[in-house]
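Here's the structure we're looking at; comments come further down.
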Amino acid sequence: MQRTPPGSPKKLRRRPTDVTRLHGHHVVTGPELRATFAEDPQSHRGRFGRRLFHGIVLVLLLGLIAAGAIGAWAIMNGVIRVPSSVTSRAPISLCPTTTFDYLPNDQVTVNVFNAASRSGLAREVSEQFAARGYKIGAVDNSGTSYTGVAMVVSGVNGQAGAFNLQRNVAGTDYFQDNREDASVDVILTPDFGALVNPELVDQTPGLLLCPRENLRIADDSKWPVLPKGEPTP
């Protein structure tokens, strides 16, 4: 065993100057390791935004699928009607197309209603009808949103009588309801002036005159509904 001669200086071991390097290799420290695997806050926010976007897209897709299924069910069950590409036929007029002869006055029963807010009008006109030979039924007040001279209303069995009355009250519109008797209502409105002069009544055959603006049929058997508590007609 070789000994160091007395008086010779001892060799000291060198301590490495950089503790992060060992035999030429870099030693990973704890802080570096934590820094490497720690989550970046910016990256975390970006991932949350992507997840939120994907969730919204998924909800919208599910909503579209549900809406499509409900729409298909509604079309199949007739709840929603899809317009046909085939040209539809012209609407059928609700106005009677029968040509009527002038019925004698004494064969017509007329109900006279005052919707003109002119006191005593229905009674006055009913007396004029009676003087021409008509049978007088009800005489009363009424209310209506109709605008025109007067309304002439009857069921199918009273259309000939309605034609007669339209010739005696110029400018009227005919409406049909579902009554079964032959009576005819004449509802006088604010535009009503007077009956046609008896000598000037046209008694040649012709058609009923229906509403000029909107052809329609009243389907209430109790129509017109008469308001209560109004002044004497």
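The values are calculated or read from the model by the stated rules, or taken from the named source; none is laboratory data. Note that the structure is predicted; figures quoted are calculated from it, not measured. Side chains included, ligands, DNA and RNA excluded: accessible areas come from the protein's heavy atoms. Shrake-Rupley method; radii C 1.70, N 1.55, O 1.52, S 1.80 Å.
Computed from backbone phi with θ = phi - 60° and the Karplus coefficients 6.51, -1.76 and 1.60, the 3J(HN,Hα) list for the range 57-69 is 4, 5, 4, 5, 4, 5, x, 5, 5, 5, 5, x, 5 Hz; x is used for glycine and proline. Once every Cα of the range 147-192 carries one equal point scatterer and solvent is ignored, give the base-10 log of I(q)/I(0) from the Debye formula at q = 0.16, 0.19, 0.21 Å⁻¹, two decimals. Cα-only, vacuum Debye calculation for the range 147-192: -0.36, -0.49, -0.59. The listed residues E124, E199 rank as E199, E124 when sorted by accessible area, largest first, using a 1.4 Å probe. Can you list the HN-Hα couplings for the range 198-203, worked out from phi with the Karplus curve (6.51, -1.76, 1.60; θ = phi - 60°), rounded to whole Hz and with x for Gly and Pro? The phi angles translate into x, 6, 9, 5, 6, 10 Hz. Rounded to the nearest whole Hz, the Karplus-based 3J(HN,Hα) values (6.51 cos²θ - 1.76 cosθ + 1.60, θ = phi - 60°) of the range 161-175 follow the sequence x, 5, 4, 4, 5, 5, 6, 8, 10, 5, x, 7, 10, 9, 10, with x at glycine and proline.
Amide H contacts for L103 (H built 1.01 Å from N in the peptide plane; partners 5 or more residues away or on another chain; cut-off under 5 Å): N164.
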